[in-house]
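The values are calculated or read from the model by the stated rules, or taken from the named source; none is laboratory data. Computed from a predicted model, the values in this text were never measured in an experiment. All Cβ positions, glycine included, derive from the backbone under ideal geometry; neighbour counts span all protein chains shown. These accessible areas exclude ligands, DNA and RNA; they are computed on the full protein's heavy atoms, side chains included. Shrake-Rupley method; radii C 1.70, N 1.55, O 1.52, S 1.80 Å.
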Amino acid sequence: MDKHNTNEEFSEALARCREVFAAKLGDYGPSWRILRPEAVTDQLFIKAKRIRTLQITGVSAVGEGILPEFIAIVNYGIIGVIQLRSGFADQKDMSAERALELYDGIAREAMELMIRKNTDYNEAWRDMRVLSYDDFILTKIARTKEIEDNAGVTRVSEGIDSNYFDIINYAVFGIIKLTENESCR
């Protein structure tokens with residue numbers, strides 16, 4: 001019998017991300033409302049690229065590891081979906097409470113997607129390496145940039161929002177795996 005409960009672990013990882021998101025909302029509100037979707041994609045790129053650098057070099061000049069970067073990727077992925085659906089603004093134009101409501105709804109959607117895909121893929125993510133999650137995230141970001149550069153037009157591919165949801169879910173898997181490794185020490 002499998003000792004893992006993916007849905008529970010996924011919920012716990014999302015709750016960890018939400019705590020960080022809420023704390024940052026307390027510090028500076030939804031200032032991210034100013035970001036255009038392309039800027040969110042670039043922010044996701046920066047975070048994923050840093051993970052790759054840390055994985056390759058093992059050196060962190062700023063003292064933060066991979067786990068906080070995966071948390072940031074989840075949060076920026078959710079911000080990306082909010083921005084796609086709500087449009088960007090020239091200033092903070094929503095309350096922290098509204099931002100959290102939107103966050104929670106998108107997190108639920110991400111979890112529902114994970115449940116559907118995890119059923120089809122039969123927990124395959126558990127046998128993957130953490131570096132693969134980052135590589136897949138970087139690939140999704142590259143695809144997203146191409147779609148953005150083509151004004152959002154695709155012929156057969158999923159749209160930007162689908163890529164953001166996949167990025168969120170890969171990052172949550174990274175959080176789960178890194179958390180498992182921490183608890184095994």
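Here the condition is being under 19 Å from residue 7 (Cα atoms) and either touching a strand residue (DSSP E or B) at 6+ places or on another chain (Cβ under 6 Å) or free of Cβ contacts under 8 Å to residues at least 40 places away in the same chain (or both); of 120, 149, it holds for 120 alone.
Every residue, every condition in (1) open to solvent by 20 Å² or more (accessible area, probe 1.4 Å); (2) in a helix (DSSP H, G or I); (3) not hydrophobic (A, V, I, L, M, F, W, C), yes or no:
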residue: 45; (1), (2), (3): yes, yes, no
residue: 62; (1), (2), (3): yes, no, no
residue: 104; (1), (2), (3): yes, yes, yes
residue: 110; (1), (2), (3): no, yes, no
residue: 117; (1), (2), (3): yes, yes, yes
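Residue check: residue 163 meets all listed conditions (1) in contact (Cβ under 8 Å) with a residue 40 or more places away in the chain; (2) within 16 Å of the chain's Cα centre (by Cα) but one, namely (1).
Note on region 119-148: among residues that are surrounded by fewer than 18 Cβ atoms within 10 Å (Cβ to Cβ), in contact with a helix residue (DSSP H, G or I) (Cβ under 9 Å, 6 or more places away or on another chain) and among the acidic types (Asp, Glu), the one that is nearest to residue 177 (Cα to Cα) is 123. I'd like to check something: does region 153-162 contain any residue that is surrounded by 15 or more Cβ atoms within 10 Å (Cβ to Cβ), closer than 23 Å to residue 66 by Cβ and among the β-branched types (Val, Ile, Thr)? The answer is no; no qualifying residue exists.
When you look at residue 56, is it free of Cβ contacts under 8 Å to residues at least 24 places away in the same chain, more than 22 Å from residue 157 (Cα to Cα), within 13 Å of the chain's Cα centre (by Cα) and surrounded by fewer than 17 Cβ atoms within 10 Å (Cβ to Cβ), yes or no? Spelling it out, it is not the case that residue 56 is free of Cβ contacts under 8 Å to residues at least 24 places away in the same chain, more than 22 Å from residue 157 (Cα to Cα), within 13 Å of the chain's Cα centre (by Cα) and surrounded by fewer than 17 Cβ atoms within 10 Å (Cβ to Cβ).
The condition of being surrounded by 17 or more Cβ atoms within 10 Å (Cβ to Cβ), within 19 Å of residue 43 (Cα to Cα) and not acidic (Asp, Glu) does not hold for residue 176.
In the set (1) among the hydroxyl-bearing types (Ser, Thr, Tyr); (2) modelled with pLDDT under 95; (3) in a helix (DSSP H, G or I), residue 154 fails one condition alone, (3). Within the span defined as region 19-41, one or more residues are open to solvent by 40 Å² or more (accessible area, probe 1.4 Å), at pLDDT 95 or above and in contact with a Pro (Cβ under 9 Å, 6 or more places away or on another chain). Among the residues of region 81-102, are any at pLDDT 95 or above, open to solvent by 40 Å² or more (accessible area, probe 1.4 Å) and under 14 Å from the mean Cα position of the chain (by Cα)? Looking for residues that are at pLDDT 95 or above, open to solvent by 40 Å² or more (accessible area, probe 1.4 Å) and under 14 Å from the mean Cα position of the chain (by Cα), one finds none in region 81-102, hence no. Among the residues of region 1-33, those identified as assigned to a loop (DSSP other than H, G, I, E, B), free of Cβ contacts under 8 Å to residues at least 40 places away in the same chain and not polar (S, T, N, Q) are 1, 3.
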